[in-house]
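A.B. asks: After the structure tokens below, expect a handful of questions from me.
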Amino acid sequence: MIFHHLILRVVTKLLVGTIILFALYVQFHGDFSPGGGFQAGVIMAVAFILYGIVFSLESVKKVFPEWLVHKILALGVLIYAGTGIATMLLGYDFLDYDAFAPLHPTHGQHWGLLAIEFGVGVTVTGVMVAIYYAFAGRPPSLTDEDW
Amino acid sequence: MANTALVAEHTARTLYDHLPLLQVLVPFCAAPLIVLLGSRRLAWPLAFVSSAIALIISVMLMMSVREGGYISYTMGGWSPPLGIEYRIDATNAYVLMLISAIGTVVLPFAYVSVKDEIRSKDHSLFYACWMLCLTGLLGMVATGDAFNVFVFLEISSLSTYVLVAQGAARDRRALTAAYDYLIMGTIGATFFVIGLGMLYMATGTLNMADLADRIADQGANRTVRSGFAFIVVGLGLKVAMFPLHLWLPKAYTFAPSAVTVFLSATATKAALYVLMRFIFSVYHPDFSFTTNALEIIFLPLAIIAMFSASFVAAFQINFKRMLAYSSIAQVGYMLLGIAILTETGLTAALLHMFNHGLAKALLFMGVGALVLRTGSAFYTQISGLGRKMPLTCGAIVVGGLSLIGVPGTAGFLSKWLLVQAALERVAENSSFLLVSIAIVLSSLLAVVYVWRVFEVLYLREPDPNSTATEAPLMMLIPMWILAGSCLWFGLSTDFLYDIANQAALGLLDGSMGMLDSNEALGVK
């Protein structure tokens, strides 16, 4: 089975790294160019989904195990909420990024947005991959007694 | 290159200023934390601690707004109406208190019940969903932003569908029940958001107080009117208003016991609060269409619900399903209180919301305890258990009496007020005499269906082969806390009455309007 689709496999191997790099670009350059956490998360997930489609679900689950998907899914939400809690601890309103640089609010906004967008990116990656796993892994995980 | 001259002076917020937000944020953070830790043993304590913190916060909020006025909290330093505002006044502090109190009391019960009814590998995710549901319910009550209500409504609904479907470990029909609820709930949420869209089109704002100010200038604008219709139907589905109630009996019957307890006492109540908020604070009864909707639609539907659902309940052979139908009837009483449209009527509706929450949570807990010991809620399976599980059944009796509205229990007070509210309006419209008679007659139906349970539990012979023993202490304590409060609030009526009355007055006054911009910069 592994000998089929040679071209697809070679191209995929080349592309996966590039896709992840592009996702990181969209993630962290999102405040200067189109993009942001959601788009970056989807692109990041695409790298794994593509790998899964070409190399089988088992191999992608070796790279990105299901338990890890669940963890980062929750982690992203906590990064977002944690940013808000940090601003609260600094004495400002929830998610008021001025708190990070009170003397230069524009910078504060900048940093705060980077942090929450990172949270969004992490969660979206997790959710997209989790949805793919759920659909792709559907037939084997249903036994007769499940019905 | 910091330019201090351009930066406004900032007064640091204290923890106390953050209370309206923490009310929602604490349970919200608990959910991903439970998933992240992934520990079956830590899930429950985390859930319990954060619900307890939410309860403490809601009591503190209640204490600061019970004399009237409101607390406004702004997100991210964006002052309303642009930014999202959380606005706590007597009305939503009251509902927040109900939701977080029930959420906290149910959890010890859930600990035993969930272990029994749900596969152990799902436990941590189950509690994560539970916390999300609590977050959604608290959020939709706390927020002062109409679109934010929708977001929280969806958070609570989506997690509710998952929670209901968890009953599948015991009975596969939970899946179809959850699916039905999903379809109906989604239609409801869609209608709600369509209504919001129309409001936004007509006014250009989503902040409730600002909406109220702007709608007042619109007069008979057709967009605003159809927005009202969409919102009422959408929320009506969530409230289980009479012809839109079909999802409820199935969802309540097949959900895990603990989930049913939690939902029955909180979910419809939160939706009902949002409905009241829209009817009274966003739209105002001064609008003829609002009043017409209340009199022509709410009033008859409420009365039909009181009778038909009680009637159906009387013929059920499953305790849990019977209680689900009774919930629809009880929602009828609350809607009736709203439709009477007087201070007394609203107070009665709000009080009934709380009292019914207590009684129904107690009764569903009783069912949960019986299910734990016998595996079924059918009358044939639980007959004669009054002798084998005296404490459980004693609590069920207290809850049942409160559901009927026997003097000395909390249910009596709210039904009495409701009758009084109807009688107050007899002078202007004699048909309200019929309404008050309807309340009394439908209470008699409640006697019928509650009596059937008493008869099954106490007068029938127990199954000789039954090995049922008294429910564990973790279940009995929450049950008797609720039973105690049913009796306490029935005898010492002032505390709740004063709060509900304040809340009703706040609702009838309509919107409190926008803060002026200086005030908006600081937490009031």
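The values are calculated or read from the model by the stated rules, or taken from the named source; none is laboratory data. Every value quoted in this text rests on a predicted model; they were computed, and no experiment measured them. So basically every Cβ, Gly included, is an ideal-geometry build from the backbone, and we count neighbours across all protein chains shown.
A.B. asks: Quick check on segment B:1-24: of everything there that is facing chain A (nearest Cβ under 9 Å), touching a Phe, Trp or Tyr at 6+ places or on another chain (Cβ under 8 Å) and modelled with pLDDT of 90 or more, which residue is farthest from residue B:125 (Cα to Cα)?
C.D. replies: The qualifying residue farthest from residue B:125 (Cα to Cα) is B:18.
A.B. asks: Could you list, ordered by first residue, the pairs with Cβ atoms under 7 Å in which the first is in segment B:113-125 and within 14 Å of residue B:165 (Cβ to Cβ) and among the charged types (D, E, K, R) and the second is assigned to a helix (DSSP H, G or I) and modelled with pLDDT under 90, at least 6 apart or interchain?
C.D. replies: B:117/B:169; B:119/B:169
A.B. asks: Ok, one more. Which residue out of B:53, B:84 is more than 22 Å from residue B:266 (Cα to Cα) and crowded, with 17+ Cβ neighbours inside 10 Å?
C.D. replies: Just one listed residue meets the conditions, B:84.
A.B. asks: If a residue has to be touching a Phe, Trp or Tyr at 6+ places or on another chain (Cβ under 7 Å) and closer than 15 Å to residue B:497 by Cα to count, how many in segment B:403-412 make the cut?
C.D. replies: The qualifying residues number 1.
A.B. asks: Residues in segment B:387-409: is at least one more than 14 Å from residue B:452 (Cβ to Cβ), of a type in the set (Val, Ile, Thr) and not in a helix (DSSP H, G or I)?
C.D. replies: Yes.
A.B. asks: How many residues are more than 10 Å from chain A (Cβ to nearest Cβ) and either polar (S, T, N, Q) or within 23 Å of the chain's Cα centre (by Cα) (or both) when one looks only at segment B:25-41?
C.D. replies: Residues of segment B:25-41 more than 10 Å from chain A (Cβ to nearest Cβ): B:26-27, B:30, B:39-41.
Imposing the further condition that a residue be either polar (S, T, N, Q) or within 23 Å of the chain's Cα centre (by Cα) (or both) reduces the set to B:26-27, B:30, B:39.
Matching residues across segment B:25-41 total 4.
A.B. asks: Given the criteria surrounded by fewer than 20 Cβ atoms within 10 Å (Cβ to Cβ), out of contact with any Cys (no Cβ under 8 Å at 6 or more places or on another chain), in contact (Cβ under 8 Å) with a residue 24 or more places away in the chain and under 25 Å from residue B:432 (Cα atoms), does residue B:304 qualify?
C.D. replies: yes
A.B. asks: Within the set of pairs 6+ apart or on separate chains, which have a first residue in segment A:54-74 that is basic (Lys, Arg), a second that is surrounded by fewer than 19 Cβ atoms within 10 Å (Cβ to Cβ), and C-beta atoms under 8 Å apart?
C.D. replies: A:71/B:36; A:71/B:38
A.B. asks: Residue under question is residue B:171, and the condition is that it be part of a helix (DSSP H, G or I) and not small (Gly, Ala, Ser); does it hold?
C.D. replies: No, not satisfied.
A.B. asks: Output the residues belonging to segment B:497-511 that are among the polar types (S, T, N, Q) and under 20 Å from the mean Cα position of the chain (by Cα).
C.D. replies: B:501, B:502
A.B. asks: How many residues does segment A:87-98 hold that are among the aromatic types (Phe, Trp, Tyr) and either within 7 Å of chain B (Cβ to nearest Cβ) or more than 12 Å from residue B:77 (Cβ to Cβ) (or both)?
C.D. replies: Applying the first criterion (among the aromatic types (Phe, Trp, Tyr)) to segment A:87-98 yields A:92, A:94, A:97.
Filter once more, so that each one left must be either within 7 Å of chain B (Cβ to nearest Cβ) or more than 12 Å from residue B:77 (Cβ to Cβ) (or both): A:92, A:94.
The number of residues fulfilling the criteria is 2.
A.B. asks: From the list B:151, B:193, B:141, which one is at pLDDT 90 or above, within 30 Å of residue B:286 (Cβ to Cβ) and buried (at least 23 other Cβ atoms within 10 Å of the Cβ)?
C.D. replies: B:141
A.B. asks: Kindly indicate whether residue B:282 is closer than 30 Å to residue B:74 by Cα and β-branched (Val, Ile, Thr).
C.D. replies: So residue B:282 fits the description; yes.
A.B. asks: Of these, A:130, A:101, which one is among the hydrophobic types (A, V, I, L, M, F, W, C) and in contact (Cβ under 8 Å) with a residue 12 or more places away in the chain?
C.D. replies: Checking each option against the conditions leaves just A:130.
A.B. asks: Against the conditions (1) surrounded by 24 or more Cβ atoms within 10 Å (Cβ to Cβ); (2) more than 23 Å from the chain's Cα centre (by Cα); (3) among the hydroxyl-bearing types (Ser, Thr, Tyr), where does residue B:252 fall short? Just the number, please.
C.D. replies: Unmet for residue B:252, out of (1) surrounded by 24 or more Cβ atoms within 10 Å (Cβ to Cβ); (2) more than 23 Å from the chain's Cα centre (by Cα); (3) among the hydroxyl-bearing types (Ser, Thr, Tyr): (2).
A.B. asks: Hey, another quick one. Looking at (1) among the charged types (D, E, K, R); (2) in contact (Cβ under 8 Å) with a residue 24 or more places away in the chain; (3) in a helix (DSSP H, G or I), can you tell me which one residue B:461 breaks?
C.D. replies: (3)
A.B. asks: Scan segment B:42-94 for residues that are within 14 Å of chain A (Cβ to nearest Cβ), under 22 Å from the mean Cα position of the chain (by Cα) and among the aromatic types (Phe, Trp, Tyr) and report the count.
C.D. replies: Counting residues in segment B:42-94 that are within 14 Å of chain A (Cβ to nearest Cβ), under 22 Å from the mean Cα position of the chain (by Cα) and among the aromatic types (Phe, Trp, Tyr) gives 1.
A.B. asks: Here's something else I'd like to know. Scan segment A:32-71 for residues that are within 14 Å of another protein chain (Cβ to nearest Cβ), among the hydrophobic types (A, V, I, L, M, F, W, C) and surrounded by fewer than 19 Cβ atoms within 10 Å (Cβ to Cβ) and jot them down.
C.D. replies: A:67, A:68
A.B. asks: While we're looking at this one, here's another question. Take residue A:93 and tell me if it is out of contact with any His (no Cβ under 7 Å at 6 or more places or on another chain), closer than 26 Å to residue B:29 by Cβ, among the acidic types (Asp, Glu) and not in a helix (DSSP H, G or I).
C.D. replies: yes
A.B. asks: If you don't mind, there's one more thing I want to ask. Determine whether segment A:99-113 contains at least one residue that is polar (S, T, N, Q), in contact with a helix residue (DSSP H, G or I) (Cβ under 6 Å, 6 or more places away or on another chain) and at the interface with chain B (Cβ under 10 Å from one of its Cβ atoms).
C.D. replies: Looking for residues that are polar (S, T, N, Q), in contact with a helix residue (DSSP H, G or I) (Cβ under 6 Å, 6 or more places away or on another chain) and at the interface with chain B (Cβ under 10 Å from one of its Cβ atoms), one finds at least one in segment A:99-113, hence yes.
A.B. asks: Sticking with this one: Name the one entry in B:177, B:93, B:110 that is of a type in the set (Gly, Ala, Ser), over 28 Å from residue B:484 (Cβ atoms) and surrounded by 22 or more Cβ atoms within 10 Å (Cβ to Cβ). I'd like the intermediate steps shown before the answer.
C.D. replies: Working: B:93 fails: over 28 Å from residue B:484 (Cβ atoms); B:110 fails: over 28 Å from residue B:484 (Cβ atoms).
After applying the criteria, what remains is B:177.
A.B. asks: One residue is enough: does segment A:41-48 have a residue meeting the conditions over 30 Å from residue B:127 (Cα atoms) and either touching a Ser or Thr at 6+ places or on another chain (Cβ under 6 Å) or of a type in the set (Val, Ile, Thr) (or both)?
C.D. replies: Checked segment A:41-48: at least one residue is over 30 Å from residue B:127 (Cα atoms) and either touching a Ser or Thr at 6+ places or on another chain (Cβ under 6 Å) or of a type in the set (Val, Ile, Thr) (or both).
A.B. asks: So how many residues does segment B:419-458 have that are surrounded by 13 or more Cβ atoms within 10 Å (Cβ to Cβ) and in a loop (DSSP other than H, G, I, E, B)?
C.D. replies: So the count comes out to 2.
A.B. asks: Here are some residues: A:83, A:18, A:12. Which one is outside any loop (DSSP other than H, G, I, E, B) and either within 9 Å of chain B (Cβ to nearest Cβ) or more than 18 Å from the chain's Cα centre (by Cα) (or both)?
C.D. replies: A:12
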